[in-house]
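One structure is given below, encoded as structure tokens.
The values are calculated or read from the model by the stated rules, or taken from the named source; none is laboratory data. Everything numeric here is computed off the predicted structure, so don't read it as measured data. All Cβ positions, glycine included, derive from the backbone under ideal geometry; neighbour counts span all protein chains shown.
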Amino acid sequence: MGDLGAAGALAPLTIRPPIAEKRGMETPASRLLRNARREAWIVLAVWAACILWTVTFCWLRGYRDAPVSRGEALPATVLGIPDWVVYGIGLPWVLATAFTIAFALFGIADDDLGEDVEGERPGEAAGGEPGAAAGAAPRPAGEER
């Protein structure tokens with residue numbers, strides 16, 4: 001909370017960056033956060049582009065300019081599938097899959113997440129008992145699993 005000034009009003013609360021950030025040094029946590037945000041914005045942008053393409057193309061080719069409204073008997077097809085489905089749904093699906101693979105292999109930063117706690121693996125309680133949840137009551141002696 002802010003301090004009360006001479007007039008009794010609250011002074012604004014200021015949040016000061018750590019000393020390392022003031023000096024221009026980057027901490028591992030700030031680098032991790034920066035990379036995670038960058039990756040999230042890239043994924044969001046690609047997702048938005050795919051959904052925009054899919055909705056717009058399918059609306060224009062599948063509904064607004066439907067073959068029946070133009071007097072055609074059957075819609076144009078690609079390998080027996082209506083062309084608006086192939087180019088409006090299939091194409092972005094294939095491109096999004098290719099992007100996902102490429103981004104996972106080459107675009108995601110491999111940041112150091114810190115040291116592992118010695119003797120403790122994921123899913124183990126502090127006592128080293130596999131499968132026990134943290135804070136769970138210990139088993140009575142002699143009770144089998």
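Side notes on the structure shown:
- Look at segment 51-79: where a residue is under 26 Å from Thr97 (Cα atoms) and of a type in the set (S, T, N, Q) and a partner is at pLDDT below 90 and surrounded by 11 or more Cβ atoms within 10 Å (Cβ to Cβ), sitting 6+ places away or on another chain with Cβ atoms under 7 Å, you get Thr77/Asp83.
- For the criterion of being at pLDDT 60 or above, outside any helix (DSSP H, G or I), surrounded by fewer than 10 Cβ atoms within 10 Å (Cβ to Cβ) and at positive phi, Gly135 fails.
- The sole residue among Ile108, Ile89 that is under 30 Å from Glu26 (Cα atoms), in contact with a helix residue (DSSP H, G or I) (Cβ under 7 Å, 6 or more places away or on another chain) and either modelled with pLDDT of 80 or more or among the acidic types (Asp, Glu) (or both) is Ile108.
- Listed by first and then second residue, the pairs with beta-carbon distance under 8 Å, at least 6 apart or on different chains, first residue in segment 80-97 and closer than 16 Å to Gly62 by Cβ and of a type in the set (Asp, Glu), second at pLDDT below 90 and part of a helix (DSSP H, G or I), are Asp83/Arg61.
- Among the candidates Gly80, Gly2, residue that is at pLDDT 75 or above, over 34 Å from the mean Cα position of the chain (by Cα) and either exposed (fewer than 11 other Cβ atoms within 10 Å of the Cβ) or basic (Lys, Arg) (or both): Gly80
- Leading residue by the ranking (surrounded by the fewest Cβ atoms within 10 Å (Cβ to Cβ)) among those in segment 23-53 that are farther than 16 Å from Asp111 by Cβ and small (Gly, Ala, Ser): Gly24
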